[in-house]
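Here the structure comes first, spelled out in structure tokens, and everything after it is commentary.
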Amino acid sequence: MSLSSAVKRIALFGSTGSIGTQALEVIAAHPDLFSVEILTAQSNDELLIAQALQFMPNMVVIGDEKKYPRVKEALQATSVKVFAGERSLEEVASLDSYDLMLAAIVGYAGLKPTLCALRQGKAVALANKETLVVAGDIVMRTALENRAPIIPVDSEHSAIFQCLVGETRNKIEKIILTASGGPFLGRKTNYLVNVKKEHALQHPNWTMGAKITIDSATLMNKGLEMIEAKWLFNLRAHQIQVVVHPQSIIHSMVQFEDGSIKAQMGLPDMKLPIQYAMAFPQRIKNDFPRYDFRSVKNLSFEEPDVKTFRNLALAQEALEKGGNLACIMNAANEIAVYAFLKNRTNFLEMTEIIERTMQSVPFIAQPGLEDYFESDAAARTFAADQVNL
Ligand code: NAD
Ligand code: MG
């Protein structure tokens, strides 16, 4: 991709989600900088059709094949090509006709299309953190071998990435990942045992998709982000520190070897990291609300409560042990969150499902890609059995 080319052609994977729709707002505001080449969605055919009619991409993919006839019919009179199914996601990701993939699919499903883009040497703006949690070593190696840049979209990782601009030769002593603490900050087990999904879906600072909102409530999101950071910035476990910062104004920090700490700050609004990743290395002028130091006077920081929110301890273990353990943890978590959203398990049981799955699925110290696929499948089966899914 030429960084100076006038219009970046975007392949937006997961266009109907929280990140996807916000990315389209950014694109709509900057037709001089971005055009839409590909849109993909799993099941929301109505929204995908509306997006296609507005942005006129070259092609769309609907994951759910049953929805194909409706999408096809609705776009019949246009030049938009319509494909369906999981394989099509990979085929379309492997095309040469776009400049940058915005990887905004949720969960493990994002891994294969992202790998296809990287194998083509495409730049990837990565929102889908699970891709790095599952197979971070292979994903980063594929990016390196194909000279494909990965630009983080996750707000914490975007913050770290922004702090590192101009610091290529300087070593990181540690990073400080900030966590809002989620809706149950300060709560203890006796409270969490009765938490319902409606309550867990209310995040104090961010409006996001259902899965990441539950992950934020259980602190698994921060656990996934520690592992995401390890791969993105080539860090050791001891260089990654989590600090709870309920105001979500500091999005994360980097401490260099001289002890100097850089922070990236702003109001919590995902459009900023989305826009930064899509336009990198440029910054684009916008009229998003600005943070005013006089209005939020107190920025506070505290230790995360890993005894109550044990998912963070499980993720720490996966981070330290490496191998396929994070892949197993991620799969179990996806099943546990799905079960919780279907009222098939309770808030605290999610952690138990994950822990048992991590103990039961065989550990592989140096997995290949097939090992990751198999570990993911084995962990899903094991976790689903626990909740009779
Ligand atoms: P979401 O649930 O709102 O949207 C997910 C998108 O992925 C939808 O377009 C959906 O159609 C698609 N999708 C779902 N399952 C699929 C499958 N099996 N195959 C193909 N496509 C599928 O999720 P989101 O909140 O937008 O999050 C997307 C990713 O970005 C996640 O990995 C999340 O962790 C990460 N992220 C999100 C936020 C946020 O503010 N929402 C912030 C940081 C990181
Ligand atoms: Mg984040």
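The values are calculated or read from the model by the stated rules, or taken from the named source; none is laboratory data. Model, not experiment: these values are computed from the prediction. Ideal geometry is used to build each Cβ from the backbone, glycine not excepted, and the neighbour counts take in all protein chains shown.
Right, Phe83: in contact (Cβ under 8 Å) with a residue 24 or more places away in the chain, away from ligand 1 (no atom under 13 Å from the Cβ) and either part of a helix (DSSP H, G or I) or more than 21 Å from the chain's Cα centre (by Cα) (or both) or not? No, not satisfied. Of all the numbered requirements in (1) away from ligand 2 (no atom under 15 Å from the Cβ); (2) within 17 Å of the chain's Cα centre (by Cα), Ala104 misses one, and that requirement is (1).
Results for (1) within 14 Å of ligand 2 (Cβ to nearest atom); (2) crowded, with 19+ Cβ neighbours inside 10 Å; (3) at positive phi, shown as yes or no for each residue.
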position	(1), (2), (3)
Gly181	yes, yes, yes
Thr213	yes, yes, no
Leu224	yes, yes, no
Ile227	yes, yes, no
Trp231	no, yes, no
Arg236	no, no, no
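A Cβ distance below 7 Å, combined with a sequence gap of six or more or placement on separate chains, defines the contacts here; from region 323-340, residues that are free of Cβ contacts under 8 Å to residues at least 12 places away in the same chain reach no residue that is not small (Gly, Ala, Ser).
Yes or no: region 112-121 includes at least one residue that is within 23 Å of Leu235 (Cβ to Cβ), of a type outside the set (Ser, Thr, Tyr) and either modelled with pLDDT of 95 or more or out of contact with any Asp or Glu (no Cβ under 8 Å at 6 or more places or on another chain) (or both).
There is at least one residue in region 112-121 that is within 23 Å of Leu235 (Cβ to Cβ), of a type outside the set (Ser, Thr, Tyr) and either modelled with pLDDT of 95 or more or out of contact with any Asp or Glu (no Cβ under 8 Å at 6 or more places or on another chain) (or both).
Among the residues making up region 109-126, those that are within 11 Å of ligand 1 (Cβ to nearest atom) and crowded, with 22+ Cβ neighbours inside 10 Å are Gly110, Leu111, Pro113, Thr114, Ala125, Leu126. State which residue is nearest to Leu314 (Cα to Cα) when the search covers only region 344-389 and only residues that are of a type in the set (Gly, Ala, Ser) and assigned to a loop (DSSP other than H, G, I, E, B). Step by step, filter region 344-389, then rank; the result is Ala365. For region 203-223, check the following and say yes or no: at least one residue is of a type in the set (D, E, K, R), within 18 Å of Ala104 (Cβ to Cβ) and out of contact with any strand residue (DSSP E or B) (no Cβ under 7 Å at 6 or more places or on another chain). There is at least one residue in region 203-223 that is of a type in the set (D, E, K, R), within 18 Å of Ala104 (Cβ to Cβ) and out of contact with any strand residue (DSSP E or B) (no Cβ under 7 Å at 6 or more places or on another chain).
For region 138-166, the set of residues classified as buried (at least 23 other Cβ atoms within 10 Å of the Cβ) and in a loop (DSSP other than H, G, I, E, B) consists of Val153, Asp154, listed by residue number.
With the condition kept exactly as written, say whether any residue in region 72-80 is under 23 Å from the mean Cα position of the chain (by Cα), outside any loop (DSSP other than H, G, I, E, B) and assigned by TED's automatic domain parsing to the domain that holds Leu95. The answer is no; no qualifying residue exists.
Summed over region 120-137, residues that are in a loop (DSSP other than H, G, I, E, B) and more than 16 Å from ligand 2 (Cβ to nearest atom) total 3.
Any residue that is touching a strand residue (DSSP E or B) at 6+ places or on another chain (Cβ under 7 Å) and within 16 Å of ligand 1 (Cβ to nearest atom) - is there at least one of those in region 137-149?
No, the conditions are met nowhere in region 137-149.
The helices (runs of 4 or more DSSP H) found entirely in region 171-284 that carry 3 or more residues being within 13 Å of ligand 1 (Cβ to nearest atom) are 210-218, 220-233, 271-279.
For Lys129, the test of being in contact with an Asp or Glu (Cβ under 6 Å, 6 or more places away or on another chain), within 16 Å of ligand 1 (Cβ to nearest atom) and over 26 Å from Asp258 (Cβ atoms) is passed. Check region 86-94 and report whether any residue there is in the same structural domain as Ala28 (by TED's automatic domain parsing) and in a loop (DSSP other than H, G, I, E, B). Within region 86-94 (the criterion being in the same structural domain as Ala28 (by TED's automatic domain parsing) and in a loop (DSSP other than H, G, I, E, B)), the answer is yes, since at least one residue qualifies.
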